[in-house]
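Have a look at the structure below before the remarks.
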Amino acid sequence: MYLLGYKLPALSSLILWALLWEVVGQLQLTFFVPPFSEVLVTLVGLIPTKAFLNALRVTAYAFWAGVFFAVIIGIPVGILMGKSRLLDELLLPWVNIFLSAPLTALVPVLMVLFGFGTKTVIITTTLFAIWIIILNARAGVRQINRSLVEMARSFGATPTDAFFKIYFWAALPEILGGVRIGVIRAVKGVIIGQLLISIVGFGALFELYSSKFLMAEFWAVLIVLFGLAFVLSEFLGFLERKVSYYAASR
């Protein structure tokens, strides 16, 4: 971030928004926005509580399970779509539909099919994340230099060898990019699932604090959620940059 030609330190924009938040809160323009300092004090006191730690455990389990299934299903399907024209023509319209459709509308259907438990929350999280992973893996495979595939065939590589040693590694930058975006979408999916399907985890805390107008606690939990999503996104972005040389050699 630059200001008047000078480069500002990292996270300067976040500090600026925090100061603006503090000013708005101190002016008491609305009860919905308490001072940022009050939210931080509330957060420090909230983290060690049993209710918060239990909510974090439940949410983390559903989130990581949903991301796991999205990755192990989405990457192979995307690679196969990039390899096979027939499979691509069969699946691409459905992938685009689910990617652009409001998946929240499918939650009642999932509740009817799978019940009101954690399993349905995990499925919801997977559905939010998987489609962009599929599309990015497909895009990575379609950009592979065909000479790499022909060379593998000339050396007698089996389809399994080509899948893991050519397609996966050559498409890795796009795959990691899809996983990064999918993780961000999974955060939204797990919270929507916990709010609409079974009021547990962070969803239960949001429901409790909003219904009792405990806005400092509400914003404290929201900051934790945004912070975790930001850290995961930056970590995956770091990995994505580390393997970007594959794109040049591709």
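Only protein heavy atoms count here; under a 1.4 Å probe, Val67 has an accessible surface of about 10 Å².
Select from region 149-224 those trypsin sites (Lys or Arg not before Pro) which occupy a DSSP coil region and have at most 10 other Cβ atoms within 10 Å, ordered by residue number.
Details: sites: Arg153, Lys165, Arg180, Arg185, Lys188, Lys212; in loops: Lys212.
Listed in order of number, the matching sites are Lys212.
Largest accessible area first, the residues Trp219, Trp94 order themselves as Trp94, Trp219 under a 1.4 Å probe with ligands, DNA and RNA left out.
Ordered by 1.4 Å accessible area with all protein chains kept, Tyr61, Tyr167 run largest first as Tyr61, Tyr167.
Computed from the coordinates I sent, percent of Cα pairs over 35 Å apart equals one of (i) 9; (ii) 39; (iii) 30. Tell me the label. Label (iii) holds the value from this structure. Based on Cα contacts under 8 Å between residues 6+ apart, the chain shows a relative contact order of 25 percent. Solvent exposure of region 167-250, expressed per residue, is 46 Å² of accessible area, with all protein chains present and a 1.4 angstrom probe. Adding -39500 (n - 2.57) for every DSSP H run of four residues or longer, then dividing by how many residues the chain holds, sets the calculated 222 nm ellipticity at -25500 deg cm²/dmol. Straight Cα distances below 24 angstrom link Lys119 to the lysines Lys50, Lys188, with same-chain residues fewer than 8 positions distant left out.
Placing +1 on the Cβ of every Lys and Arg and -1 on the Cβ of every Asp and Glu, with nothing else charged, gives region 49-202 a dipole about its Cα centre of roughly 220 debye. Surface calculation, 1.4 Å probe, protein heavy atoms: Arg146 sits at approximately 120 Å² accessible. By the rule of a C-alpha distance below 26 Å, with chain neighbours fewer than 8 residues away ignored, the lysines paired with Lys242 are Lys7, Lys83, Lys165. For region 111-177, the fraction of 1.4 Å probe accessible surface lying on carbon and sulfur atoms is 65 percent.
Just report the Cα centroid separation between region 132-176 and region 84-119, whole Å. First find each Cα centre; the distance between them is then 26 Å.
At the residue level, Leu110 shows approximately 20 square angstrom of accessible surface with a 1.4 angstrom probe and all protein chains present. Hydrophobic long helices, here whole DSSP H runs in the chain with Kyte-Doolittle means of at least 0.0 and Cα atoms spread over 27 Å or more along the helix axis, are found at 50-83, 118-142, 172-196, 215-242.
Could you tell me which residue out of Gly182, Ser13, Thr59 lies farthest along the dipole of the chain toward its positive end? Charges go on the beta carbon: Lys and Arg +1, Asp and Glu -1, centred on the Cα centre. The residue sitting farthest along the positive end of the dipole is Gly182. Please list, in order, the residues from region 206-232 whose amide nitrogen is less than 20 Å from a point placed 7 Å along the Cα→Cβ vector of Thr30. Label zone hits: 206-224, 226.
In plain terms, the chain from Val109 to Thr160 could stretch by 14.7 nm, reckoned as 0.36 nm per residue minus the Cα-Cα distance.
The values are calculated or read from the model by the stated rules, or taken from the named source; none is laboratory data. Since this is a predicted model, take the numbers as computed values, not measurements. Using ideal geometry, Cβ is built from the backbone for each residue, glycine included, and neighbour counts are taken over all protein chains shown. Ligands, DNA and RNA are stripped out before the accessible areas are found, and what is left, the full protein with its side chains, is counted by its heavy atoms. Shrake-Rupley method; radii C 1.70, N 1.55, O 1.52, S 1.80 Å.
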